[in-house]
């Protein structure tokens, strides 16, 4: 029998905390495999920490979302949100499933082109688009969503220079009952700015106005807010038809659908208070069908969902470095993955599971990362079985934003692998090394010699 590690006894303050309607959790299950592939095997082959993506889950999520909308509305098109996760392997899966690309920078635009997406199936959002990037988008026939009047005038000038009509929509911000209101981007509906922008586009004769776009927020928990957005965009579409003699071909409701992650400070877990994709689909499509358009003039519904399609397909595997006692007696467990990799730990109480069998003893603890920063906290408080040095853990639902917002800070970024539908693992992004990190650096000649 393996000798157990000794830990000196300590006096602990018992604090049961607030119970939810289910009481306190007393059972845990180890997560030893993902899609049939052993966690220990993956970490032995690819190292720790390690990001893992499930192709099966990505495809299933996308297909379920498409079903939810297309069974309720005849004209639906998804466009993958590149900022959510722009690893090429991930983007390719969505494009194979039929998704267009939605990008918010020239960098992402070029990635989409490189991934084989036709220019006319790329939606170009965002407040910053250079002349060079706009010219590329115009020449490729992409859908350009205008964010502000300066960009509108910029496109008028560019259309003269290129002797082409850009295909455009405007981004609209509005009061949907969710506060604080996202009014930083686009043109406001309530004060008439949005219709003014539409009028200028049509009056210029320089652009082809074909759509309306909004993105009302992120991690939205209200389906009613989308119904309100549909009604207001529908009002603008009717004004375009009746007052500007211009038919709107599509309404783009952006993204914002939440994943099943649990927001920090939530009373209930995300699985209990997050609306399903079907609930969002019901509210949105009912609103669209009530706008009064005939069957032959219904606008195409475009959705730029990201988080809801990818979050639960991503896992972060990590190892325990050490345990210690804080000055107040709490147990602190240190992992080899920190907030430089898991940016969303600032937003969510991620579910974390041991990856091996454990004893029946559990304890409230703080989970820290390895960085030399006091804010490197993965979970501020979590009750887990006792974890020892070398034990492995699985952090769940990390597929959205962590692989685009991660930082090369103190530690380099690790391998990312994809498990395909046959259970085979593929390295889709190699771990960084010193040569990679230093490649863009340049050394002035006078700094090369040193004499210590």
Any chance the stretch 168-191 includes a residue that's part of a helix (DSSP H, G or I) and either surrounded by fewer than 17 Cβ atoms within 10 Å (Cβ to Cβ) or at pLDDT below 95 (or both)?
-> no
Go over the candidates 303, 244, 309, 263 one by one and state the one that is under 15 Å from the mean Cα position of the chain (by Cα), at negative phi and surrounded by fewer than 19 Cβ atoms within 10 Å (Cβ to Cβ).
-> 263
Just checking, which of 397, 392 is within 30 Å of residue 97 (Cα to Cα), modelled with pLDDT of 95 or more and assigned by TED's automatic domain parsing to the domain that holds residue 46?
-> 397
Scanning the stretch 35-54 residue by residue, the ones that are assigned to a helix (DSSP H, G or I) and surrounded by fewer than 20 Cβ atoms within 10 Å (Cβ to Cβ) total 5
Kindly check whether there is at least one residue in the stretch 219-237 that is over 13 Å from residue 174 (Cβ atoms), assigned by TED's automatic domain parsing to the domain that holds residue 173, part of a helix (DSSP H, G or I) and touching a strand residue (DSSP E or B) at 6+ places or on another chain (Cβ under 7 Å).
-> yes
Selection from the stretch 96-111 of residues that are farther than 16 Å from residue 257 by Cβ and buried (at least 18 other Cβ atoms within 10 Å of the Cβ) | 100, 101, 103, 104, 105, 106, 108, 109, 111
Any chance the stretch 368-377 includes a residue that's in contact with a strand residue (DSSP E or B) (Cβ under 7 Å, 6 or more places away or on another chain), surrounded by 14 or more Cβ atoms within 10 Å (Cβ to Cβ), without any contact (Cβ under 8 Å) to a residue 60 or more places away in the chain and under 24 Å from residue 271 (Cβ atoms)?
-> yes
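Working carefully through the options 345, 327, find the one that is free of Cβ contacts under 8 Å to residues at least 60 places away in the same chain and farther than 18 Å from residue 263 by Cα. Give the derivation first.
Working: 345 fails: farther than 18 Å from residue 263 by Cα.
Residue meeting the stated conditions: 327.
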Which condition number in (1) within 23 Å of residue 256 (Cα to Cα); (2) part of a helix (DSSP H, G or I); (3) not assigned by TED's automatic domain parsing to the domain that holds residue 254 is the one that residue 120 fails?
-> (1)
Unmet criterion (only one of (1) farther than 26 Å from residue 97 by Cβ; (2) within 28 Å of the chain's Cα centre (by Cα); (3) buried (at least 20 other Cβ atoms within 10 Å of the Cβ)) for residue 387 | (2)
Residue among 402, 415 that is out of contact with any strand residue (DSSP E or B) (no Cβ under 6 Å at 6 or more places or on another chain) and closer than 15 Å to residue 50 by Cα = 402
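Mind listing just one residue for me: the one in the stretch 321-357 that is part of a strand (DSSP E or B) and within 27 Å of the chain's Cα centre (by Cα) and, of those, surrounded by the most Cβ atoms within 10 Å (Cβ to Cβ)?
Taking the candidates together, the pick is 335.
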Taking residue 317, is it buried (at least 18 other Cβ atoms within 10 Å of the Cβ), part of a loop (DSSP other than H, G, I, E, B), touching a helix residue (DSSP H, G or I) at 6+ places or on another chain (Cβ under 7 Å) and on the phi < 0 side of the Ramachandran plot?
-> no
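The values are calculated or read from the model by the stated rules, or taken from the named source; none is laboratory data. Just so we're clear, the structure is a prediction, and the values are computed from it rather than from any experiment. Every residue, glycine among them, receives a Cβ derived from its backbone with ideal geometry; neighbour counts consider all protein chains shown.
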